[in-house]
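Comments concern the structure below.
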Amino acid sequence: MDTNAVLDIALDSLMMAAKLAAPVLVTALVVGFAVSLVQSVTQIQEVTLSFVPKAVAAAAALLIAGHWMITELVTFTHELYARIPSLLGG
């Protein structure tokens with residue numbers, strides 16, 4: 001197993017992690033921005049008002065994108081298992 005193979009697997013793993021985290025993080029970012037905008041306009045500074053909508057939106061994003069996320073992760077795992085012979089063989 002050479003250094004290039006290890007770096008390739010590490011890069012693919014980081015890209016997969018970013019791809020899987022993106023739907024939830026972007027949803028929380030957009031909802032958090034919208035809630036902050038509403039709070040600044042109305043001058044209501046309540047902590048739960050910013051947390052609850054973000055939690056609900058993140059849960060909804062997981063429900064909507066969950067199947068795609070699992071499919072991507074299973075495909076990536078199959079690709080990693082398919083690489084094992086080439087890694088051991090040199």
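Overview of values
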quantity	calculated
Acute angle (nearest 10 degrees) that the helix 47-89 long axis makes with the longest principal axis of the chain, alpha-carbon atoms	0 degrees
The stretch 3-89 - percent of accessible surface contributed by carbon and sulfur, probe 1.4 Å	76 percent
0 to 90° range, to nearest 10: angle between helix 3-42 axis and the chain longest Cα axis	10 degrees
Distance in nm between pseudo-label sites at Thr71 and Leu49 (7 Å out along the Cβ direction from Cα)	4.0 nm
In the stretch 18-90, the trypsin sites (Lys or Arg not before Pro) that fall in loop regions by DSSP, at most 15 other Cβ within 10 Å	none
Segment Met1-Ser40, length gained on full extension (0.36 nm per residue, minus Cα span)	8.5 nm
Accessible area per residue, Å², the stretch 3-89 with all protein chains present, probe 1.4 Å	72 Å²
Relative contact order (percent, whole number), the chain, Cα cutoff 8 Å, 6+ residue spacing	44 percent
Inter-site label distance for Ser86 and Leu11 at 7 Å from Cα along Cβ, in nm	1.4 nm
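The values are calculated or read from the model by the stated rules, or taken from the named source; none is laboratory data. Nothing here was measured: the structure is a model prediction, and the numbers come from that model. Positions of Cβ are generated from backbone atoms using ideal geometry, with glycine treated the same way; all protein chains shown enter the neighbour counts. Heavy atoms of the whole protein, side chains included, go into the accessibility calculation; ligands, DNA and RNA do not. Shrake-Rupley method; radii C 1.70, N 1.55, O 1.52, S 1.80 Å.
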